[in-house]
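Taking it in order: structure first as structure tokens, then the write-up.
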Amino acid sequence: MPPAPTVVRTLPSLRRALERLRARRATVALVPTMGALHEGHLALVRQAKKRASRVIVSIFVNPTQFAPHEDFGSYPRTWKADLAKLAEAKADLIWRPDVSTMYPRDFATRISTEGPAMADLEDRFRPHFFSGVTTVVGKLFIQCRPDIALFGQKDYQQLKVVTRMAADLDLGVKIIGVPIVRERDGLAMSSRNVYLSNEQRARAPALYRTLKDAAGRLRNGDHLEAVMSDGARTIEDAGFSLDYFEARHAETLSPAGSLKDGPVRLLVAAKIGDTRLIDNLGV
Ligand code: AMP
């Protein structure tokens, strides 16, 4: 059995653990998560192990990034399985604060970002989301002072928002984006996939299939507007209620009119039943 990672739950114990971790000038990576770990999260940990000598994984289901009608209460919490997976992946330290440690009574500060956080994608449908993410990620960076931090391309807009914030606030952390890990049938791995019924699960790969078909057609020179409206129809025909299916500049997230506008990323968000799924693909 691999040695269990050190688990810390309070700020003083985090500080002591970091002092030990930083001995002998170790480089430190942070992988922020909300737990319910799957292969997508573990790919971040593996990438972190390659790039740094010590790896911290934070597990915190962050209430401020959920709206009242969203799934904070029912979000999957699988601590024992998470710990076993992180031991197997040889993480060094798990930072698992509770809500009152992260947000003591009278907590009254928010980090608010513009630019990619106002791209009219996730922000249009989850207006509370990015200030919740930037506030908690900002706190995690200040608490852990990592040299690098790894985020999945699965949450593509979030990756751009966090990269912008880290640069703007001189947080001294390099942000690394890691490619999306998928199930065999193409569905992007997500902690929320457990919400899907068998029937919904069978329909869910339509998102990735549509992204792939659309990217192929665009590369073949098909007209972007036609490709995007066909893709939107395919997703709805598969039983999804579509929030957006958009072609954006891969770096600025500004709307793309054609492949000539620079590297293009296709991004989708859609609900199947009560479960909202997101995915994206570079063209
Ligand atoms: P979460 O626990 O859902 O907040 O995700 C924590 C981190 O894991 C984020 O940086 C996500 O983008 C990343 N992540 C989640 N799912 C995947 C996936 N399928 N492939 C790669 N990274 C992922």
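Where a number appears in this text, it was derived from the coordinates with a stated rule and is not lab data. Note that the structure is predicted; figures quoted are calculated from it, not measured. With ideal geometry, Cβ positions are generated from the backbone for all residues, glycine too; neighbour counts draw on all protein chains shown.
What to note about this one:
- Prolate/oblate/rounded call for the stretch 6-178, Cα gyration tensor, a/c under 1.5 rounded: rounded
- Sequence-distant residues sharing a close amide H with Val55 (under 5 Å, placed H): Ala29, Asp92, Leu93
- When the Cα positions of Ala188, Gln200, Val161 are compared along the charge dipole of the stretch 149-210, Gln200 comes out farthest toward the positive end, with charges on each C-beta of Lys, Arg, Asp and Glu.
- About its Cα centre, the dipole of the chain is roughly 1540 debye, where the only charges are +1 on Lys and Arg Cβ and -1 on Asp and Glu Cβ.
- Karplus-based coupling profile of the stretch 204-212, in residue order and whole Hz: 4, x, 4, 4, 5, 4, 5, 4, 5, with θ = phi - 60° in 6.51 cos²θ - 1.76 cosθ + 1.60 and x standing for Gly or Pro.
- Of all DSSP beta bridges in the chain, antiparallel share, percent nearest 5: 50
- Loop trypsin sites (Lys or Arg not before Pro), the stretch 171-280 (other Cβ atoms within 10 Å of the site Cβ: 14 or fewer; DSSP): Arg184
- Each residue of the stretch 111-118 is assigned a 3J(HN,Hα), and the resulting list reads 9, 10, 10, 10, x, x, 6, 10 Hz, derived from the Karplus form 6.51 cos²θ - 1.76 cosθ + 1.60 (θ = phi - 60°), x at Gly and Pro.
- Longest DSSP-loop-exposure-free segment, GluC sites (Glu not before Pro), the chain, at most 15 other Cβ within 10 Å: 115-250
- Helices in the chain, meaning DSSP H runs of at least 4 residues, each add -39500 (n - 2.57). Divided by all residues, the mean residue ellipticity at 222 nm is -11000 deg cm²/dmol.
- Cα shape, the stretch 191-282, gyration tensor, a/c 1.5 rule: prolate
- Sparsely packed loop sites in the stretch 41-126 (the chymotrypsin sites (Phe, Trp or Tyr not before Pro) outside DSSP H, G, I, E and B with at most 16 other Cβ atoms within 10 Å) comprise Phe72, Phe107.
- Given charges at beta-carbon only (K, R positive; D, E negative), |dipole| of the stretch 1-113 in Debye: 720
- Ordering Pro255, Pro97, Gly35 by the projection of their Cα atoms onto the charge dipole of the chain, which places +1 on the Cβ of Lys and Arg and -1 on the Cβ of Asp and Glu, puts Pro97 at the extreme positive end.
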